Amino acid sequence: MTGVEGPVVGWLLSKLGPIRTWFKDQFRADHVPITGRRGRPDQTYGGFFLFAAAAPSQSPKLLPLADFADRAHDLVQHAFPSIFPEVSDYAGHELVRYRSSAERSAEQHIITIYPTGLVELQWLIAAPPATSLPLSGIVEPLQALRQVVQASGLADLYQPRRFEGKRRVDWRIGINGMATSNLSGTSVSWTNVTSSIQLPEQRNRTPRPYCPAEGYAPHLLTSLRLNATLEGLLMPVLEEHLVVGGYVDSGVIRDCITELANSATELDEQADREALT
């Protein structure tokens, strides 16, 4: 009997190994979708852009192409009404892309949606000769993208996996430090930020800001809950953004970011109340 048990146990283990691996893959985040983004905030563009991308932490099952294109269109029109046209700039198996203008100018907003659930926003904040970046140009589009995530806009882009656990989202957020002027052809750095709220002190008046290819603080923006707060997204991003721009006093910087997030949230709540009346 013992001689039979050995081969049987070995056979069972050989079969259970792949099954165990399969079950792990159903629950384990692989962080693959976020790697499909194409925006690179470490490079130079025709303007200063917010690069914001959100994607499911786990690779999903894909939808049929026609369903994906329909849902991508619905997402764009719901999240950014009047910003992007009804007709996409490009639609194919790998992505659907919308531009804010029919002209192929480098100075416009672009949103790209992928079948993996990745949504990538390239939002124009300012263009040379302007080198001052309004913080509202960072906060407002990021809040709109966050609301897409909370409203299951990403989840509508794909089919859930069997045995899928609680959904998590990977974020990547950055702002390029250099832009090229169409008038002079020279590259310039952004010099300062502007806001209606009190800003921290800027000691370095001629900063050379830089943002890594992965964006600001990517390790703090991985596997976040769907209901991550706006302040939770803004805090690690704007902390680095302001510091590389020459702003100082960590306490004032964090107070500034909290006030920005609270103000944006209050405006959204007010708009929701007005829509119901």
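The values are calculated or read from the model by the stated rules, or taken from the named source; none is laboratory data. Keep in mind that what you see is a predicted model, and the values were worked out from it rather than measured. All Cβ positions, even for glycine, are placed from backbone atoms using ideal geometry, and neighbour counts span all protein chains on display. Note: areas computed on protein heavy atoms with side chains; ligands, DNA, RNA excluded. Shrake-Rupley method; radii C 1.70, N 1.55, O 1.52, S 1.80 Å.
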Handout entry: L95 accessible area, assembled protein chains, probe 1.4 Å, Å²
Key = 10 Å²
Problem - Heavy atoms of S189 accessible to a 1.4 Å probe, total area in Å² rounded to 10 - result: 10 Å²
Practice task
Please report, to one decimal in angstroms, the Kirkwood hydrodynamic radius of the stretch 81-226 built from all distinct Cα-Cα pairs.
Solution key: 17.6 Å
Handout entry: Surface/4 estimate of mean projected area, convex hull on alpha-carbon atoms of the chain, nm²
Key = 20.1 nm²
Completion exercise
Magnitude of the Cβ-charge dipole (Lys and Arg +1, Asp and Glu -1) of the chain about the Cα centre, nearest 20 debye, reported as 980 debye
Handout entry: Under the span-like rule (Cα at least 20 Å along the axis, Kyte-Doolittle mean at least 0.0), DSSP H helices of the chain
Key = 2-27, 136-150, 230-244
Exercise for the section: Only Lys, Arg, Asp and Glu count, each charged at its Cβ (+1, +1, -1, -1), so figure out the dipole size of the stretch 196-277 about its Cα centre, rounded to 20 debye. Expected result: 400 debye
Practice task
Keeping all protein chains in place, calculate the accessible area per residue for the chain (probe 1.4 angstrom), answer in Å².
Solution key: 52 Å²
Fill in the blank from the handout: Place a point 7 Å from the Cα of N204 in the direction of its beta carbon; the residues of the stretch 102-139 whose amide N falls under 17 Å from it are 132-133
Problem - Solvent-accessible area, 1.4 Å probe, carbon plus sulfur percent, for the stretch 42-112 - result: 51 percent
Practice task
Tell me the label-point distance for the pair N182, H93, using the 7 Å Cα-to-Cβ offset, in nm and rounded to one decimal.
Solution key: 3.6 nm
Handout entry: Compactness of the stretch 182-260 - radius of gyration and Dmax, Cα, Å
Key = 14.3, 45
Fill in the blank from the handout: Simple spin-label estimate for S101/D249, 7 Å along Cα→Cβ, in nm, reads 3.9 nm
Completion exercise
Over the chain, the sum of -39500 (n - 2.57) across DSSP H runs of at least four, divided by residue number and rounded to 500 deg cm²/dmol, gives at 222 nm -12000 deg cm²/dmol
Exercise for the section: For the stretch 23-126, just say rounded, prolate or oblate: build the C-alpha gyration tensor, square-root its eigenvalues into a ≥ b ≥ c, call rounded for a/c under 1.5, and beyond that prolate if a/b exceeds b/c, oblate if not. Expected result: oblate
Problem - Label-point separation, T229 to T265 (7 Å along Cα→Cβ), nm - result: 0.4 nm
